[in-house]
């Protein structure tokens, strides 16, 4: 095995052991290209992956490289079309290192960390100049050349936001609360500038708006790599506008935002009360729209409900398609949890996913936070993720609540309220007078006990876990639209919890 491949495998193992939250399944697709001048070159499958690693993972990868190699190595990320830097010239008498392919300078404690070299010849990588200098070593001796990615230290806020490769359409879980938004986003990505322009998606925090925006970017880049995309936040647009005004660089600012094929702005509602910025965005919108360039916007409210937004902008935002995303239903939350876990190299059982989904119903970010917490707990405790671990991850209060309530208490309260017998609930009868109390029992058991889906189903005539999942969803949905039924279920839940120990 080549030294760089051996080092790369060691780095992956180190990252999985010590930086679980950083790891993604697609890290396995990264290809090591060798070590030169104290720099490990890594080739990614797409430019999106390269940019993500550069911005989000550089520190973690550099730490892994230095820990595994026990030398002061740095990591250089290259896209599929990026040229390799010119090889470092060896001084007379120097041969290939036997210490894992490291140059002699690295073996002596010298290294070429990015950003140190300032002079010397350079090569082009991803449109940026990579300079190399024969800078001195730690003690003033001539050491290994030092690489610098010229152009990576641009002014804050002038770059397009980084796109997460995980936020693809393939990883977006479609449910009844986001189906239209997803279908419209797919249409925009497959036919930009013509299907829905602008595409405006709104909804609460953590419901998948950003995922859809980035999925559009990923799909268009995949199908049309030369497409010019600018993806930023509304705050980024405002900051760059104010900086351009102060510096007298409005021409450059307008070129940056208007000479693109796709402009995506997240959280456009922050334009509220920004008169000068609204004026500039109005002209930017017109320029792009008249040129049939695609505009994609997200907001926490529909256009007409954004306070202090000019009527002419409200009108333009509604020229295309306005769609919404709302909190995911129970079954969608279960699938989201499983998918988020898979992307991190984890496997969640149905029981664990259903437990978390029954407890967290606010937004997707909280679901992902629970996955991260479970990942860390599993690593620390060095055991598989199970129901007790999931309960602990959700908080002590949940654990206590689950310990107190017995399933027989739930069955007793429900049968007394509905006037049915336990044998009726365990029978195969499907009359509404029997099916509804049975579903309420399953719902309360799922929320208030540690029993698995199979165990709960077993109490009610040996039904399988999908029947229990359907019962939970049915009760949840009815509670959301039927206030009287919601009060009944809440009252029964309070009743089974009062007086238990």
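The values are calculated or read from the model by the stated rules, or taken from the named source; none is laboratory data. These numbers were taken from a predicted model, which means no experiment stands behind them. Don't worry about glycine lacking a Cβ; one is built from the backbone with ideal geometry, like all the others, and counts go over all protein chains shown.
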Residues of the stretch 257-266 classified as surrounded by fewer than 18 Cβ atoms within 10 Å (Cβ to Cβ) and either at pLDDT 95 or above or in contact with a helix residue (DSSP H, G or I) (Cβ under 8 Å, 6 or more places away or on another chain) (or both), total: 1
Residue within the stretch 400-408 that is within 25 Å of residue 370 (Cβ to Cβ), at pLDDT 85 or above and surrounded by 15 or more Cβ atoms within 10 Å (Cβ to Cβ) present: no
Among the residues listed as 420, 372, 352, the single one being in contact with a helix residue (DSSP H, G or I) (Cβ under 9 Å, 6 or more places away or on another chain) and touching a residue at least 40 places away in the same chain (Cβ under 8 Å): 372
Test: residue 177 is touching a strand residue (DSSP E or B) at 6+ places or on another chain (Cβ under 7 Å), over 22 Å from residue 25 (Cα atoms) and surrounded by fewer than 16 Cβ atoms within 10 Å (Cβ to Cβ): no
Of all residues making up the stretch 463-483, the number that are closer than 16 Å to residue 439 by Cβ, without any contact (Cβ under 8 Å) to a residue 40 or more places away in the chain and out of contact with any helix residue (DSSP H, G or I) (no Cβ under 7 Å at 6 or more places or on another chain): 5
Output for the stretch 10-51, where each listed residue is in contact with a strand residue (DSSP E or B) (Cβ under 9 Å, 6 or more places away or on another chain) and part of a helix (DSSP H, G or I): 11, 49, 50, 51
Matching residues, the stretch 230-255, being buried (at least 20 other Cβ atoms within 10 Å of the Cβ) and in contact with a strand residue (DSSP E or B) (Cβ under 7 Å, 6 or more places away or on another chain): 230, 231, 232, 234, 237
Strands (runs of 3 or more DSSP E) lying entirely in the stretch 123-215 (those with 1 or more residues that are touching a helix residue (DSSP H, G or I) at 6+ places or on another chain (Cβ under 8 Å) and at pLDDT 85 or above): 199-203
Hey, residue 314 buried (at least 19 other Cβ atoms within 10 Å of the Cβ) and in contact with a helix residue (DSSP H, G or I) (Cβ under 6 Å, 6 or more places away or on another chain) or not: no
Enumeration of residues in the stretch 10-36 that are surrounded by 14 or more Cβ atoms within 10 Å (Cβ to Cβ) and within 16 Å of residue 76 (Cα to Cα): 11, 12, 27, 30, 31, 32, 33, 34, 35, 36
